[in-house]
């Protein structure tokens, strides 16, 4: 007989209703499962926050949490309240019951009363909702690109169990159920392979070097440089056995929150086992530089294949709660048509390693994600067609620009290629746009998720490639300990998780959430103000389209290779495919030819001109600034609300800067094409305004955040970039 936990919670009715008798609530948990206990804790906390006190007798109302696997599918639940006010939360499994309990706790928090609890049901729209987390385990086993401050500031946190508890709890609250941890070669930091015991790494190390945003300064992304290895510092003493115990504990905790963990790798990257390289020039000879046990970064080295296959095998055997593995036929692999071809190599390492593990654990299921990156589906399926467990793909759905269009066009060809094989794909939602500012536009997220090709969708994982979403490290008013990024950006993470589970959550719901979070504010006004400012960055990205992470940092108008993006680059740059936006070059050509700036796209659809883009940016910015002004005039904001409003204002001024820059670029392009001084004068006027708007932007952004080095795009330092903004204007003035 299942153990029943009885907790009675009582609240006295307000004095205005003193004739009513006290109300006592009895919480019955008819299931023993960590997920359900977590939900019960959330319910208790919600009741206590609403004024209830705990008692052990005289229950008038009961809340019951129970299973019904016959009537409900996994992750599903329903909440029912009978005529007597008794509330029953029923789940199809432990995770479904947890979600139902979290839903009930949220109802209580938002409405401050059990009286307003309504019958409801939950069923996941997208069954697998995940985060992409590039994990810097050690300077010797780094994540994809650790030459930014985010990685350097978060190495130690990856080995802090309190970090993962808070992170995973928040994932569950936001209804994420998958965590993909990305690292080129995690095995030396996490497992001791019986045939290769000396490959395992003791302790946790960082480098004492300070990256300076020089391309290739630490060799290639994914690989470890010799200078890093020569400048190590231990930040935590740990044996290999202690590391294994630690990650078993993390994976168990994730499982206790209904979250599956995958590790996804790049290849061929035998970091800490193969020799580190002095610089990029040594890539040509890396195949001949043998490391421990003769392992190299060579695709044709039999010792590398044997080592990696054994590492995969023991990795699976070491971690019983590991849900799956993913791979990339990455930048350090070569196209071949022999026995060492990319997919043959991946099968002989990862595939055979998994099969060897399954020989020892025949009932073990290892889900597999194969990224479609620098490889072809036909080649993948030729080698992987016999994989025994769940096999799915992963694809960069919006390239590196999650915040661009809610209907990116890039997966169309892939979808056709997938059909003959009956495959499903994870959509890799790469946010390489917004790192500092708090963003929040529910309509954008809802539309984005509803545009997924549903029948061919396995799930989604959202994250970045050159940024580690660990603890924030740039706040000028930090909490102690510093906030987790998932806590600072709670609204953003909430939107992508909750709307993935239920895209029908509407404005009313989110206004309630905002009212509960910031009781001092007009929630409707905050909802609109936040959403208006959040339209700006997607519009800029659609207009100034740069596909990949290293090509563009919209928060700084920079990239690491070319530095500041001036109006010449805005004139030259194209727009996002199927965005409906005409580039500056096309627009100027049409004007000078006496044509209307329009053309068909997917039908006879009038396209958006650069001037309309600028007008949109100004409109959204003005609404956001007016909204923050009204909010500040009507309340004394809490610290978090004040910081949120400053972020909104900052994004608004960024929008006004880009609006002025776009208009200036149009006028300068007209001047270049027609040589009328009038257009140059107009361009200078617009760039003068751009200088003023960037100053306002820098003033807001720098009032909250320290400058930081972004791994893929360089230094984000608003006042230093301001010098480039001013130089751009001066250069234009001096142009003949």
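The values are calculated or read from the model by the stated rules, or taken from the named source; none is laboratory data. Bear in mind that the values here come from a model prediction, so they are computed numbers and not experimental data. Reconstructed Cβ throughout: ideal geometry from the backbone, glycine too, with neighbour counts over all protein chains shown.
Give the residue, chosen from 470, 466, that is crowded, with 23+ Cβ neighbours inside 10 Å, under 20 Å from residue 643 (Cβ atoms) and in the same structural domain as residue 372 (by TED's automatic domain parsing).
Working: 466 fails: under 20 Å from residue 643 (Cβ atoms).
The match here is 470.
Taking the condition of being outside any helix (DSSP H, G or I) and closer than 17 Å to residue 222 by Cα, how many residues in the range 292-308 meet it?
The total comes to 5.
Could you please let me know if residue 240 is over 29 Å from residue 374 (Cα atoms), crowded, with 21+ Cβ neighbours inside 10 Å, at pLDDT 95 or above and not assigned by TED's automatic domain parsing to the domain that holds residue 38?
Working: over 29 Å from residue 374 (Cα atoms): yes; crowded, with 21+ Cβ neighbours inside 10 Å: no; at pLDDT 95 or above: yes; not assigned by TED's automatic domain parsing to the domain that holds residue 38: yes.
Taking the combined requirement at face value, the residue does not satisfy it.
Within the range 205-225, is there a residue that is more than 21 Å from residue 157 (Cα to Cα), modelled with pLDDT of 95 or more and touching a strand residue (DSSP E or B) at 6+ places or on another chain (Cβ under 9 Å)?
So far as the range 205-225 goes, no, none of its residues is more than 21 Å from residue 157 (Cα to Cα), modelled with pLDDT of 95 or more and touching a strand residue (DSSP E or B) at 6+ places or on another chain (Cβ under 9 Å).
Among the numbered criteria (1) surrounded by fewer than 24 Cβ atoms within 10 Å (Cβ to Cβ); (2) outside the structural domain of residue 424 (by TED's automatic domain parsing); (3) not in a strand (DSSP E or B), which single criterion is violated by residue 97?
Of everything listed in (1) surrounded by fewer than 24 Cβ atoms within 10 Å (Cβ to Cβ); (2) outside the structural domain of residue 424 (by TED's automatic domain parsing); (3) not in a strand (DSSP E or B), residue 97 misses just condition (1).
Within the range 560-576, how many residues turn out to be touching a residue at least 60 places away in the same chain (Cβ under 8 Å) and part of a loop (DSSP other than H, G, I, E, B)?
4
Looking only at residues in the range 274-294 that are under 17 Å from residue 349 (Cβ atoms) and out of contact with any strand residue (DSSP E or B) (no Cβ under 8 Å at 6 or more places or on another chain), which one is surrounded by the fewest Cβ atoms within 10 Å (Cβ to Cβ)?
By that ranking, first place goes to 294.
Return yes when residue 5 is modelled with pLDDT under 80, closer than 29 Å to residue 168 by Cβ and surrounded by 14 or more Cβ atoms within 10 Å (Cβ to Cβ) and no when it is not.
Spelling it out, residue 5 is indeed modelled with pLDDT under 80, closer than 29 Å to residue 168 by Cβ and surrounded by 14 or more Cβ atoms within 10 Å (Cβ to Cβ).
Mind listing whichever residues of the range 186-198 are in contact with a strand residue (DSSP E or B) (Cβ under 6 Å, 6 or more places away or on another chain) and closer than 14 Å to residue 292 by Cβ?
188
Report yes if some residue within the range 43-58 is under 22 Å from residue 502 (Cβ atoms) and at pLDDT 90 or above; otherwise report no.
Yes, some residue in the range 43-58 is under 22 Å from residue 502 (Cβ atoms) and at pLDDT 90 or above.
Taking residue 514 as the residue in question, decide whether it is closer than 26 Å to residue 693 by Cβ and more than 19 Å from the chain's Cα centre (by Cα).
Against the criterion (closer than 26 Å to residue 693 by Cβ and more than 19 Å from the chain's Cα centre (by Cα)), residue 514 does not qualify.
Among the numbered criteria (1) surrounded by fewer than 23 Cβ atoms within 10 Å (Cβ to Cβ); (2) touching a strand residue (DSSP E or B) at 6+ places or on another chain (Cβ under 8 Å); (3) modelled with pLDDT of 95 or more; (4) in a helix (DSSP H, G or I), which single criterion is violated by residue 311?
So the condition that residue 311 fails would be (1).
Looking at 630, 708, which is the one that is closer than 30 Å to residue 441 by Cα and within 31 Å of the chain's Cα centre (by Cα)? It would help to see each step written out before you state the result.
Details: 630 fails: within 31 Å of the chain's Cα centre (by Cα).
708 is the lone residue from the list that is closer than 30 Å to residue 441 by Cα and within 31 Å of the chain's Cα centre (by Cα).
Free of Cβ contacts under 8 Å to residues at least 24 places away in the same chain, within 22 Å of residue 467 (Cβ to Cβ) and exposed (fewer than 15 other Cβ atoms within 10 Å of the Cβ), is that true of residue 706?
no
Of all residues in the range 212-235, count the ones that are touching a helix residue (DSSP H, G or I) at 6+ places or on another chain (Cβ under 9 Å) and more than 23 Å from residue 265 (Cβ to Cβ).
3
In the range 69-81, what count of residues is obtained for those that are surrounded by fewer than 16 Cβ atoms within 10 Å (Cβ to Cβ) and either at pLDDT below 95 or assigned to a strand (DSSP E or B) (or both)?
The qualifying residues number 4.
Taking the range 11-42, which residues are surrounded by fewer than 13 Cβ atoms within 10 Å (Cβ to Cβ) and modelled with pLDDT under 80?
In the first step, residues of the range 11-42 are kept if they are surrounded by fewer than 13 Cβ atoms within 10 Å (Cβ to Cβ); the result is 14-22, 32.
Across the range 11-42, the qualifying residues are 14, 15, 16, 17, 18, 19, 20, 21, 22.
When only residues in the range 247-262 that are surrounded by 19 or more Cβ atoms within 10 Å (Cβ to Cβ) and under 22 Å from residue 205 (Cβ atoms) count, which is farthest from the chain's Cα centre (by Cα)?
Here the residue is 247.
Quickly run through the range 381-414 and pick out the residues that are out of contact with any helix residue (DSSP H, G or I) (no Cβ under 6 Å at 6 or more places or on another chain) and either outside the structural domain of residue 316 (by TED's automatic domain parsing) or within 18 Å of residue 333 (Cβ to Cβ) (or both).
Scanning the range 381-414 gives 382, 384, 393, 394, 396.
Only one residue in 569, 539 is surrounded by fewer than 23 Cβ atoms within 10 Å (Cβ to Cβ), in the same structural domain as residue 648 (by TED's automatic domain parsing) and within 28 Å of residue 731 (Cβ to Cβ), so which one is that?
That would be 569, the only listed residue that is surrounded by fewer than 23 Cβ atoms within 10 Å (Cβ to Cβ), in the same structural domain as residue 648 (by TED's automatic domain parsing) and within 28 Å of residue 731 (Cβ to Cβ).
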